[in-house]
Amino acid sequence: MAVFDEIDSFHKTHEYATIDDDLVQLMQPSLQWLNSYWTTQGMKKGLPYDSYSVVSGVDLEQLFQLFTAWQDLFKLAPCKVPISEYCDENDKHRYRMLSRHQILDQMASVISLLEKAKAEKCNILYEGI
């Protein structure tokens, strides 16, 4: 396993998908159900917020199933979806609107990459934010 200092060069030689950070935060509780190899801490539950991890094997299948389930859920969403950005100093959430179309496009991109990784028996490198 390698840790990549230059992620831009990694992106030139490997396929990748991106997803909005706030969507990942929304999904975070369910992402805690899988294991991944955190480059800073070894095997751990979930995906790190701001570093790298590797997802493989049965956890890759579980990640695929989680994203597929979230995609199905978002298919039922209204045209505009309020997504929590962060909490301010008074623990009040601020929201911004994402279109269902944007969300489903991002989900489809990630699911496609996960399908390919499963078919080719590859690992997924998760980058965090």
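Yes/no per residue for (1) charged (D, E, K, R); (2) over 19 Å from residue 14 (Cβ atoms); (3) touching a strand residue (DSSP E or B) at 6+ places or on another chain (Cβ under 6 Å):
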residue	(1), (2), (3)
44	yes, yes, yes
52	no, no, no
63	no, no, yes
74	no, yes, no
82	no, yes, yes
92	yes, yes, no
102	no, yes, no
114	no, no, no
119	no, no, no
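Looking across region 87-129, just one residue is exposed (fewer than 13 other Cβ atoms within 10 Å of the Cβ), on the phi > 0 side of the Ramachandran plot and either in a helix (DSSP H, G or I) or not basic (Lys, Arg) (or both), and that is 91.
Yes or no, residue by residue, for (1) modelled with pLDDT of 95 or more; (2) assigned to a loop (DSSP other than H, G, I, E, B); (3) farther than 20 Å from residue 108 by Cα:
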residue	(1), (2), (3)
49	no, yes, yes
65	yes, no, no
69	yes, no, no
77	yes, yes, no
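Scanning region 79-114 for residues that are modelled with pLDDT under 95, among the charged types (D, E, K, R) and out of contact with any Lys or Arg (no Cβ under 9 Å at 6 or more places or on another chain) yields a count of 5.
Here residue 127 meets each of (1) touching a helix residue (DSSP H, G or I) at 6+ places or on another chain (Cβ under 6 Å); (2) in contact (Cβ under 8 Å) with a residue 60 or more places away in the chain with one exception, condition (1). The set of residues in region 57-91 being within 14 Å of the chain's Cα centre (by Cα) and touching a residue at least 40 places away in the same chain (Cβ under 8 Å) consists of 60, 61, 63, 64, 67, 68, 70, 71.
The values are calculated or read from the model by the stated rules, or taken from the named source; none is laboratory data. All values reported here derive from a predicted model rather than from experimental measurement. In this analysis, Cβ positions are derived from the backbone assuming ideal geometry, glycine residues included, and neighbour counts consider all displayed protein chains.
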